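The values are calculated or read from the model by the stated rules, or taken from the named source; none is laboratory data. Values in this document were obtained by computation on a predicted structure and should not be read as measured data. Cβ placement follows ideal geometry from the backbone for every residue including glycine, while neighbour counts extend to all protein chains displayed. Quick note on the areas: whole protein, heavy atoms, side chains included, nothing else; ligands and nucleic acids left out. Shrake-Rupley method; radii C 1.70, N 1.55, O 1.52, S 1.80 Å.
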Amino acid sequence: MKETQTIQNKAESTATTERISGSEAVIKCLLAEGVETLYGYPGGAIMPVYDELYKYQDQIHHVLTRHEQGATHSAQGYARISGKVGVCMATSGPGATNLITGIADAQIDSTPMVCITGQVGSHLLGSDAFQETDIVGISTPVTKWNCQVTKASQIPEAFAKAFFIARSGRPGPVLIDITKDAQFEEFDFTYQKCKGIRSYKPVPDTDENALKAAAELINAAKKPLVVWGQGVILGKAEEEFKAVIEKAGIPSAWTILGASAIPTAHPLNVGMVGMHGNYAPNVLTNECDVLIAIGMRFDDRVTGNLDTYAKQAKIIHFEIDPAEIDKNVKTDIAVLGNAKTSLKRLLPLVNKNSHNDWHQEFKNLYEIEFEKVIKHDLHPTKEGLTMAEVLKEINIQTKGDAAIVSDVGQHQMIACRYAEFNKTKSNITSGGLGTMGFALPAAIGAKMAAPDREVVMIAGDGGYQMTIQELGTIFQQKVPVKIVVLNNEFLGMVRQWQQLFFDKRYASTEMTNPDFIAIAKGYSIEAKKVTERKDLKTAIKDMIDCEGPYFLEVRVEKEDNVFPMIPTGASVSDIRLE
Amino acid sequence: MSTENKQFTISIYTENNIGLLNRISAIFQRRHINIESLNTSPSEIDGVSRFTIVVNITESQMKKIQGQIEKQVEVIKAFYHTEEEIIYQESCIFKMRSNLLFDERQIQNIIKESNARIVTVNRDFFVIEKSGRKEEIDLLHRELTVFGIMQFTRSGRIAVTKDEMKISSMLKALQH
Ligand SMILES: Cc1ncc(C[n+]2csc(CCOP(=O)(O)OP(=O)(O)O)c2C)c(N)n1
Ligand SMILES: [Mg+2]
């Protein structure tokens, strides 16, 4: 690994030298980085490290998941709720390849994660040895950085860099592949935390002139609209963000990953943008005169057709990653930097304002959405249960203090639309990759990182079965997560598309499901099934009151659709209400 | 910004790293951008490598690609330039049958006029080397083709910019 010799870390010396094995060094590196919990699965090529974990089990908690994908999502859930780096570990070959989905998910959702994989001995590299796979090659396009370590002496620097890169700037996943001989080899260990890397500038400088120009546009705007993303949360900029929008009186909408940065009930919060977002912010995106994007990346699920996206508006983009500027939407003013510092500096430059008439437009459109969609979702008059009424009941009974970990599909969109959040870092879901199977393991990680918080997982009957084996982890670790499956006996989101765009040809979307209650009980998890509205309240109360993990299956209407909806290729303002 | 394809020569200053070529080429591959030529070498700065990549894309694509390249942790800086902004060379070698040197006298003239040179001659074959601009090499290739070329290969482009790169001062600033 040549790069450790050539990259000059501006490091600070922390420890004295001691002679230990590479695998013990791995543990010591983790401890030096403040890691308390990691998720993983053992196998031949990583056994020396597991042997050390055994010795250090009083200092570091290794959680055995039931699949390496589960380990990655648990590490992600851990990172998303805590802001700390999630750590996972796997053996070589299939263990390592099983990490890829979670790594790709963390990459596209900017989640700080360090993955450690075992590798065959260095003398076997390239020989197609048993369980040898080129995981560095495979993971390259989905990692922020990765490397292979073939000598024990390279371990400290590799870990120092890995943690620094994972958590700094725009966070992301990194992977360290360690050959088995490097794990056994003894060397003189010292650890120096990485303080900087010559070729890597995590946070670009914020240009005062750009800030002033942005403030000028904002101050002159008659119809400003803020769309914020996860950058506000990752940058720990919630307070600065709130201060700016409150002072300038700007209606503010969120992307899925930005949700919960300010409370749902905040008067300036006008809801979610994007494909299944709220009517008002989507429609008014094409009427605002200044669009202020903060820590978001204009994903196609947010923008719909780019040719008709906010063409009338001047665009200001606050962003930490220079590569995002003008990537999808051409900006008029780019303010680079960390959201926290940029917004703090912006605050004195913006004028007080209230934009009352403009706010009224949002209220008017909300009324339309309420009549056409929300009312029927939350207060259904038909017999079948809706997903939204389950969310409503969870909101009531957790008083909006729960973290909601959702999977991917209709229930996810409903969860994001209707969950009420009081606290930041409360909406944990796979946004960019849309990984079914994310929720159950992510909820485990979230609950372990924030044991004092109520963590409610919401999954569909499809996605739940993609990582259902993690019930074993919950059982063994006694993680008190609340598991809600909204069972429509369909791959609902795909079925909705088949209904709307493929003439109801329901190809392979109907599911014959197992007895979920029996499965949960098989893991000694308390479980209940609700099929009627009258039982919903008590069932959710039982779930919330339960001290341990709890499984709740709710049979919902089989063929409900999620609206509003921007069909693919349509403009945000052509959002359909039915 | 122009929506026409233009030829850009990209210069990337990087740390030496085994995996970096992979990361950089993947940026082009994902976007279906053909790499016309690629060269890696040491640079004017100790321990810093330089990639020189030639592509035909629009300027707005080019800007995005530059951002994606610079985003890589081990990339120090990426620049792109049009043909007018650089001095560049490519080089090529031809292997030809030795008897041609005596039977086809014009070959000597072609070599002279094109500023190519003979690197080696032996009983069976001789080798011509030429450095220059792409069109010059194309021309020489056309002229020699009629005599039968045993082997031909051409290098990636190498280029320096007419203006200063400012990379050294940047590195100094990073290092303190
Ligand atoms: C791993 C993976 N495979 C396939 C998909 C495509 N997909 C998106 S939503 C969905 C259906 C999800 O069904 P279910 O989990 O029951 O949730 P519902 O939509 O019914 O609420 C599918 C198959 C995906 N997002 N992820
Ligand atoms: Mg379903």
TODO: Could you tell me the total accessible area buried at the A-B interface, probe 1.4 Å, in square angstrom to the nearest hundred?
DONE: 1900 Å²
Task: Reciprocal of mean inverse Cα separation for segment A:503-578 (Kirkwood radius, Å) - done: 15.8 Å
TODO: Sorted from largest down, give the three principal axis spans of the alpha carbons of segment A:100-206, whole angstrom values.
DONE: 48, 34, 19
TODO: Report, to the nearest 10°, how far helix A:22-32 tilts away from the longest principal axis of the Cα atoms in chain A, using its own Cα long axis and a range of 0 to 90°.
DONE: 40 degrees
Task: In order through segment A:87-94: 3J(HN,Hα) via Karplus (6.51 cos²θ - 1.76 cosθ + 1.60), integer Hz, x for Gly, Pro - done: 10, 9, 9, 8, 7, 6, x, x
- [ ] Could you give the C-alpha radius of gyration of segment A:405-469 expressed as a fraction of 2.2 N^0.38 Å, taking N as the number of residues it contains?
- [x] 1.04
TODO: For A:Thr303, tell me the accessible area in Å² from a 1.4 Å probe, rounded to the nearest 10.
DONE: 0 Å²
Open item on the list: Pairs of alpha-carbon atoms within less than 8 angstrom and 6+ residues apart define the contacts here; what relative contact order does chain B have, in percent?
Closed with: 26 percent
Task: Rg/Rg_globular for segment A:157-294, with Rg_globular taken as 2.2 N^0.38 Å and Rg from C-alpha atoms - done: 1.46
- [ ] Would you check the accessible area of A:Asp134, probe 1.4 Å, heavy atoms only, in square angstrom rounded to 10?
- [x] 100 Å²
- [ ] Compute log10 of I(q)/I(0) for segment A:208-362 with the Debye formula, placing one identical point scatterer on every Cα and leaving out solvent, at q = 0.15, 0.16, 0.18 Å⁻¹, to two decimals.
- [x] -0.67, -0.77, -1.02
Task: Protein-only accessible surface order, largest first, of A:His266, A:His67, A:His376 at 1.4 Å - done: A:His376, A:His67, A:His266
- [ ] Give me the net charge of A:Asn488's neighbourhood, meaning all other residues with Cβ under 12 Å from the Cβ of A:Asn488; Lys, Arg count +1, Asp, Glu -1.
- [x] -4
- [ ] Over segment A:2-189, average the accessible area per residue using a 1.4 Å probe and give it in Å², no decimals.
- [x] 34 Å²
Task: Cα Rg, Dmax, segment B:71-176, angstrom units - done: 19.5, 65
Open item on the list: What is the sum of charges, Lys and Arg at +1 and Asp and Glu at -1, for the other residues whose Cβ falls under 13 Å from the Cβ of A:Pro251?
Closed with: -2
TODO: Would you tally the net charge around B:Val121, using a Cβ to Cβ cut-off of less than 12 Å, leaving B:Val121 out, and scoring K and R as +1, D and E as -1?
DONE: +3
Task: Debye log10 I(q)/I(0) for the protein assembly as shown, one point scatterer per Cα, at q = 0.07 Å⁻¹ - done: -0.58
TODO: Could you do me a favour and compute the accessible area per residue for segment A:208-362, 1.4 Å probe, result in Å²?
DONE: 35 Å²
TODO: Calculate one ³J(HN,Hα) per residue across segment A:229-242 by plugging θ = phi - 60° into the Karplus curve 6.51 cos²θ - 1.76 cosθ + 1.60, and present them in order as whole Hz with x for glycine and proline.
DONE: x, 5, x, 5, 6, 4, x, 6, 10, 4, 5, 5, 4, 4
- [ ] Would you kindly find the accessible area of A:Cys546, with a 1.4 Å probe and non-protein molecules such as ligands, DNA and RNA excluded, rounding to the nearest 10 Å²?
- [x] 20 Å²
Task: segment B:119-176 versus segment A:415-492: alpha-carbon centroid distance in Å - done: 58 Å
- [ ] Just subtract the alpha-carbon distance of A:Ile396 and A:Asp134 from 0.36 nm times their residue separation and send over the number in nm, one decimal.
- [x] 89.4 nm
Task: Residues whose placed amide H lies under 5 Å from that of A:Gln148, excluding near-sequence neighbours - done: A:Asp177
Open item on the list: Under the rule of at least 5 residues apart or a separate chain, name every residue whose amide H is placed under 5 Å from the amide H of B:Ile57.
Closed with: B:Lys6, B:Phe8
Task: Amide hydrogen neighbours beyond the local backbone of A:Ala253, cut-off 5 Å, H modeled - done: A:Val226, A:Val227, A:Trp228, A:Val270
TODO: Any chance you could check the Cα centroid distance between segment B:4-66 and segment A:290-309 for me, in angstrom?
DONE: 28 Å
TODO: Give the accessible surface of segment B:1-137 per residue, rounded to a whole number of Å², with probe radius 1.4 Å and ligands, DNA and RNA excluded.
DONE: 51 Å²
Open item on the list: Report the gain in length on full extension from B:Thr3 to B:Thr120: 0.36 nm times residue separation, minus Cα-Cα distance, nm rounded to one decimal.
Closed with: 37.5 nm
TODO: For a quick protection proxy, order the peptides A:437-446, A:197-206 by their average other-Cβ count within 10 Å, most packed first.
DONE: A:437-446, A:197-206
Task: Translational diffusion coefficient (Stokes-Einstein; Kirkwood radius from C-alpha pairs) of segment A:250-302 at 10 °C, 1.306 mPa s, in µm²/s - done: 140 µm²/s
TODO: Please report the base-10 log of the normalised intensity I(q)/I(0) for segment A:379-555, using a Debye sum with one equal scatterer per alpha carbon and no solvent, at each q in 0.16, 0.17, 0.20 (1/Å).
DONE: -0.92, -1.04, -1.47
- [ ] State the dimensionless ratio Rg/Rh of segment A:2-189 (Rg: radius of gyration of Cα atoms; Rh: Kirkwood radius).
- [x] 0.93
- [ ] Return the carbon/sulfur percentage of the accessible area of the protein assembly as shown, one whole number, probe 1.4 Å, all protein chains in place.
- [x] 50 percent
Open item on the list: Let me check the size of segment B:1-156 from its C-alpha atoms; what are the radius of gyration and Dmax in Å?
Closed with: 19.0, 57
